[in-house]
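The values are calculated or read from the model by the stated rules, or taken from the named source; none is laboratory data. Remember, predicted model here, so these are calculated numbers, not experimental data. Cβ atoms come from the backbone with ideal geometry, glycine included; neighbour counts cover every protein chain shown.
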Amino acid sequence: MGAISVKSLTKTYGNGVEALRGVSFEVEQGEIFGLLGPNGAGKSTTVRILATLTQPGGGEAYVGGYNVVTDPAGVRRSIGYVAQASGVDPWGTGRENLMLQAHILRVPSDRARARVDELLEWVGLTEAANKLVNTYSGGMKRRLDIAMGLVHEPSILYLDEPTTGLDPETRAALWRDLDELRRDRKLTVLLTTHYLEEADRLCDRLAIVDHGKVVVEGTPNELKAAIRGDTVTLEVAGASEPAAAALRELDVVYEVIPNGTSVVANVASGAAAIPQLVTALERAGIEIEEVTLSRPSLDDVYLQYTGHRFDAGEAAPEGMGR
Amino acid sequence: MKHFIADTYHLLIRHIRTTLRIPVWIFVTLTQPVIWLALYGQLFRRVVEIPGFESDSYIQFLTPGVVIMTAFFGSAWAGMGIIEDLRGGVLDRMLATPVSRSALIASRVLHAGLTVSVQSIIILILGIILGADIPGGLGGALAILLLAALLGAGFSAISNGVALLTRREETLIAVINFFGMPLVFLSTAFMASELMPNWIRFVARGNPVNWAVNGARDAMLGQHWSDVWAYGLLLAAFVLIAGFFSTQAFRMYQRSA
């Protein structure tokens, strides 16, 4: 069994919201595994079940070999949990937060101080260690969060939307930190994100989650390779359905997906296909406003499997049902 | 059990630290009793002239009432802290660790009992400065602290329970506003029992605030010690029931989260 093993998890909240409709995936020891999807897709609910914070409606999950429902204590000892909401005490200093966390995670008192010093150094908070957390910047708070999750040297770390709400610079810095983490500590990381580039950059493997289900799973490259050829996006005036119908007639086109005012076409070779696509649409009397050609990205993978473009803010925020 | 005690201790330290780091809280805690004692002491000064009033010094009568009232209101707001933890993700972060669940509640209840004791000492000293007397001596003063701490522990447990069930500051504020003043006025905090309408005197018998006020007043005067003990036992039972309520509320929170 992998480090994390999830089988057909379901969860329906009290207000009838079906957050999960059968989520399954396996995370191997030592890999960074991503759950990618928009808000409300079920990522946070999955992580909360795996952190023993909420009970699944059905299905099974094992973390570090412990069943999340029947052996929550075993799970809690094995994991570091860095939640979406910061979870650090704003009225404590960085060091106080870490010391308390070390204590409740059963780090022996004689080890705790050295461990906390080492972590403060590692996340670059040694100088701010004795300042109250409510004076920290967003990036400092996030680094403290991660240190909190690592204080007991867990074998598995959950990072729930680690870079949400951070400015691009801080995000890039955090990505570098996470790279370092992977290199130095070889721990298993379960990461949720609604940033495609983040999943692409950090994850060894990932699962795309949409409406409470895993729609596809694989390495970023496998997923991108599964999309043949190039992607041509045509912005059209008016509805995209008739344009999609016109393009489907062409032999060079593998697949066409209408998406709002644009049509996305998969073709063998973009450069060769574009004249044909344009001609076909002109013949159908459809005005083209813009044509873009791109190599497949995770965004295209996402579109292919879910039938809609990735829009991080599309669904209701997760946690509304709680 | 070993973890329960150690976790309670570490969490208690955190709560105390937080309290001491909010200067407004310390300011209000120190000045509010002065206002209560000075203002009500002046406003109702001549109440003692009503025939049948049991005391001839209103400040003497009022001091134990203000001690208990402060304990009651101070602890009734205790749930705000757990809502803040819940909102900020602190509670979830802790629940994802092996921390003793009972310690999460126990540390807050103990913290309420402790702050209430400190406040009570301040009010007693103020009362003495303003002219009250403690014929009950050191034993009487300690009994007052104990009764206030018990009441504070009980109401902080209820407040935490309500906070966990509703998870909203607004609801907790509404509940406290609804029950707060009535519970104080359905006690002998401001008015002697002999002068109360019968129905109020009857209702007051089941009011923990009234138990604490009556017990504290007897202890202060050093009289009716068996009554003081009885009120103490009643309050201890109240703490147990309130504690049971809050742990059940905690279970429900974890189940429904």
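A few comments on the model shown:
- The single residue among B:Leu172, B:Leu195, B:Leu164 that is surrounded by fewer than 19 Cβ atoms within 10 Å (Cβ to Cβ) and among the aliphatic types (A, V, I, L, M) turns out to be B:Leu195.
- Here B:Phe4 clears all of (1) closer than 15 Å to B:Leu114 by Cα; (2) at pLDDT 90 or above except the condition numbered (1).
- Of all residues in the range B:96-108, those that are within 7 Å of chain A (Cβ to nearest Cβ) and crowded, with 21+ Cβ neighbours inside 10 Å total 3.
- Enumeration of residues in the range B:205-257 that are outside any helix (DSSP H, G or I) and more than 14 Å from chain A (Cβ to nearest Cβ): B:Arg205, B:Gly206, B:Asn207, B:Gly222, B:Gln223, B:His224
- Which numbered condition B:Phe202 fails, given (1) more than 15 Å from the chain's Cα centre (by Cα); (2) buried (at least 17 other Cβ atoms within 10 Å of the Cβ): (2)
- Selection from the range B:1-35 of residues that are more than 30 Å from B:Ser100 (Cα to Cα) and among the hydrophobic types (A, V, I, L, M, F, W, C): B:Val24, B:Phe27, B:Val28, B:Leu30, B:Val34, B:Ile35
- Extreme residue, farthest from the other protein chains (Cβ to nearest Cβ), among residues of the range A:106-122 that are under 18 Å from B:Arg14 (Cβ atoms) and surrounded by fewer than 22 Cβ atoms within 10 Å (Cβ to Cβ): A:Arg113
- Exactly one residue out of A:Ala85, A:Ala129, A:Ala51 is surrounded by fewer than 20 Cβ atoms within 10 Å (Cβ to Cβ), within 9 Å of chain B (Cβ to nearest Cβ) and hydrophobic (A, V, I, L, M, F, W, C): that is A:Ala85.
- So B:Gly180, is it small (Gly, Ala, Ser) and more than 13 Å from B:Val67 (Cβ to Cβ): yes
- Odd one out for B:Trp25, checked against (1) at pLDDT 90 or above; (2) more than 16 Å from B:Ala157 (Cβ to Cβ): (1)
- Test: A:Val189 is surrounded by 20 or more Cβ atoms within 10 Å (Cβ to Cβ) and not acidic (Asp, Glu): yes
- Considering residues of the range A:116-136 that are at pLDDT below 90 and either in contact with a strand residue (DSSP E or B) (Cβ under 9 Å, 6 or more places away or on another chain) or in a loop (DSSP other than H, G, I, E, B) (or both) only, the residue nearest to A:Leu53 (Cα to Cα): A:Val123
- Of the residues contained in the range A:139-150, none is found to be crowded, with 20+ Cβ neighbours inside 10 Å and part of a loop (DSSP other than H, G, I, E, B).
- Among the residues listed as B:Arg17, B:Arg46, the single one being more than 14 Å from chain A (Cβ to nearest Cβ) and charged (D, E, K, R): B:Arg46
- Candidates in the range B:14-29 are the residues that are among the hydrophobic types (A, V, I, L, M, F, W, C) and free of Cβ contacts under 8 Å to residues at least 40 places away in the same chain; of these, the one that is surrounded by the fewest Cβ atoms within 10 Å (Cβ to Cβ) is B:Val24.
- Failed condition for A:Asp210, given (1) over 20 Å from A:Pro38 (Cα atoms); (2) of a type in the set (D, E, K, R); (3) under 25 Å from the mean Cα position of the chain (by Cα): (1)
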